[in-house]
Amino acid sequence: MKNFNSFTKKANWLKTFNFKQTLNQNNMKKSFSLFVLLSALFGGWSGVVAQIPVHPPTTTNSSCCGLGSLTLTASGADSSEIYKWYDNPTAGTLLLSDTAHTAGYVSTYTVNLSVTDTFWVAIDSAGYQSVRVPAIGFVFSPGQTVTDTINKFIHDGRDCQNYPIAKIGNQWWMKENLNVGTMITSSTFGQLQTDNSIIEKYCYNNIPANCEVYGGLYEWYETMQYIPSDTAMLGTTQGVCPTGWHIPTDLEWSLYEYCIENNIAPTGATTLATFQTAVGWRGTNSTAGPGAKMKVTSSDTLAWDGTNTSGFSAFPAGYREFGDGSFDGLGSLAYFWSATEVSGTNAWVRYLGTGFSQSGRDGNNKTLGFSVRCLQN
């Protein structure tokens, strides 16, 4: 995994995730000081000095499974400014004063925690401070799975990984591809993942580091954990997803595509029935289309050619072929399983591609290795 783009594994299952604490400028408590000197002799203003508000930092949360040491970070100060860490949002104790020595410098604060705690950091510029921004150290019990819709992430207690989540309508979706399980090597064709009580995954080109970046690739049966096809409007098959989440059904995918095309500007006019029944590329072939709105942008770390106005944050993770066990499509294609089969050999998938603003629906062989996105129950 990653810092909500890049997690770092440690012996105590320590995970760090990047969750930007943002403040609406309209609601920001401005650090604005006005000094007025009144001339007793002349009864007028002799001078006014105003300080422009200091911009707040961007912070990074962290988490660990069980007791542990974790590191919080803050960024955004320039070389002349100072990061100041506190244990309180307004008063409290100054824990660390850290000068930003170079442009782009990131301040770190390491602490041992036994329970979840919140710390606060401000940027000090020539004695004037920004509003303090929270940085949270989460402590989870081993095996504990938690969905936090306030801070918008799910903590998967099976391996202490964190995934950002986004809400569209009434649906909460993972914003990253699932990466749970033990990697197995794809060295030949056909079904290699088996029903053995171990969640198995492929990593692109059989390189473990690719799973940390792009997520795992799973065959359909492994995705479903050998549960039969789910055809419902509201899915119930947990499969490889964390507790409280499930593999989206074909109908749930269709509803999602319809909602983002028709409710997020610019809007299109593709009907729900079309998304539910048509095969191949569906939706408006412009920035109003679901594909454009689901893909990350060219400025994201894992860049693609979308607008990501849905927050789905799809990136081109590629897939594993069933014919010879090879890998293809990294950088140009993304495939996601549904919980609904087409036949004994095929299941419905959704796919996105470079240069396409639409989203695709097709039935593909169940032994292919595709990405998995989970949907909250």
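Among (1) at pLDDT 95 or above; (2) in a loop (DSSP other than H, G, I, E, B); (3) not basic (Lys, Arg), there is one condition residue 134 misses while meeting the rest; what is its number?
Failed condition: (2).
Looking at this structure, is residue 60 within 30 Å of residue 142 (Cα to Cα) and either in contact with a Ser or Thr (Cβ under 6 Å, 6 or more places away or on another chain) or without any contact (Cβ under 8 Å) to a residue 60 or more places away in the chain (or both)?
Numbers: within 30 Å of residue 142 (Cα to Cα): yes; either in contact with a Ser or Thr (Cβ under 6 Å, 6 or more places away or on another chain) or without any contact (Cβ under 8 Å) to a residue 60 or more places away in the chain (or both): yes.
Spelling it out, residue 60 is indeed within 30 Å of residue 142 (Cα to Cα) and either in contact with a Ser or Thr (Cβ under 6 Å, 6 or more places away or on another chain) or without any contact (Cβ under 8 Å) to a residue 60 or more places away in the chain (or both).
Which one is farthest from residue 231 (Cα to Cα), of the residues in the stretch 277-296 that are surrounded by 14 or more Cβ atoms within 10 Å (Cβ to Cβ) and out of contact with any strand residue (DSSP E or B) (no Cβ under 8 Å at 6 or more places or on another chain)? Break it down stepwise before answering.
Filtering the stretch 277-296 for residues surrounded by 14 or more Cβ atoms within 10 Å (Cβ to Cβ) gives 278, 281-285, 287-296.
Filter again for out of contact with any strand residue (DSSP E or B) (no Cβ under 8 Å at 6 or more places or on another chain), leaving 284-285, 287-288, 292-293.
On the way: 284: 26, 285: 28, 287: 30, 288: 28, 292: 27, 293: 26 Å.
Step by step, filter the stretch 277-296, then rank; the result is 287.
Matching residues to (1) surrounded by fewer than 20 Cβ atoms within 10 Å (Cβ to Cβ); (2) of a type in the set (Lys, Arg); (3) in contact (Cβ under 8 Å) with a residue 60 or more places away in the chain:
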site: 56; (1), (2), (3): no, no, yes
site: 65; (1), (2), (3): no, no, yes
site: 75; (1), (2), (3): yes, no, no
site: 83; (1), (2), (3): no, no, no
site: 106; (1), (2), (3): yes, no, no
site: 114; (1), (2), (3): yes, no, no
site: 117; (1), (2), (3): yes, no, no
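Only one of these is among the aromatic types (Phe, Trp, Tyr), loosely packed, with under 14 Cβ neighbours inside 10 Å, more than 23 Å from residue 332 (Cα to Cα) and touching a residue at least 24 places away in the same chain (Cβ under 8 Å): 226, 221. Name it. Outline the logic, then answer.
On the way: 221 fails: loosely packed, with under 14 Cβ neighbours inside 10 Å.
Of 226, 221, the one residue that is among the aromatic types (Phe, Trp, Tyr), loosely packed, with under 14 Cβ neighbours inside 10 Å, more than 23 Å from residue 332 (Cα to Cα) and touching a residue at least 24 places away in the same chain (Cβ under 8 Å) is 226.
Quick one: is residue 196 among the polar types (S, T, N, Q), within 22 Å of residue 316 (Cα to Cα) and surrounded by fewer than 18 Cβ atoms within 10 Å (Cβ to Cβ)?
no
From 242, 208, 248, grab the single residue that is surrounded by fewer than 17 Cβ atoms within 10 Å (Cβ to Cβ) and touching a residue at least 24 places away in the same chain (Cβ under 8 Å).
On the way: 242 fails: surrounded by fewer than 17 Cβ atoms within 10 Å (Cβ to Cβ); 248 fails: surrounded by fewer than 17 Cβ atoms within 10 Å (Cβ to Cβ).
One residue alone meets the criteria, 208.
Test residue 91 against the criterion of being loosely packed, with under 11 Cβ neighbours inside 10 Å, part of a loop (DSSP other than H, G, I, E, B), assigned by TED's automatic domain parsing to the domain that holds residue 121 and at pLDDT below 95, and give yes or no.
Numbers: loosely packed, with under 11 Cβ neighbours inside 10 Å: yes; part of a loop (DSSP other than H, G, I, E, B): yes; assigned by TED's automatic domain parsing to the domain that holds residue 121: yes; at pLDDT below 95: yes.
Answer is yes for this residue.
Conditions: (1) out of contact with any Phe, Trp or Tyr (no Cβ under 8 Å at 6 or more places or on another chain); (2) more than 27 Å from residue 320 (Cα to Cα). Residue 227 meets all but one. Number of the miss?
(2) is the only condition that residue 227 fails.
The values are calculated or read from the model by the stated rules, or taken from the named source; none is laboratory data. In this text, all values refer to a predicted model and were calculated from it rather than measured experimentally. Cβ sites come from the backbone with ideal geometry, for glycine too, and all protein chains shown count toward neighbours.
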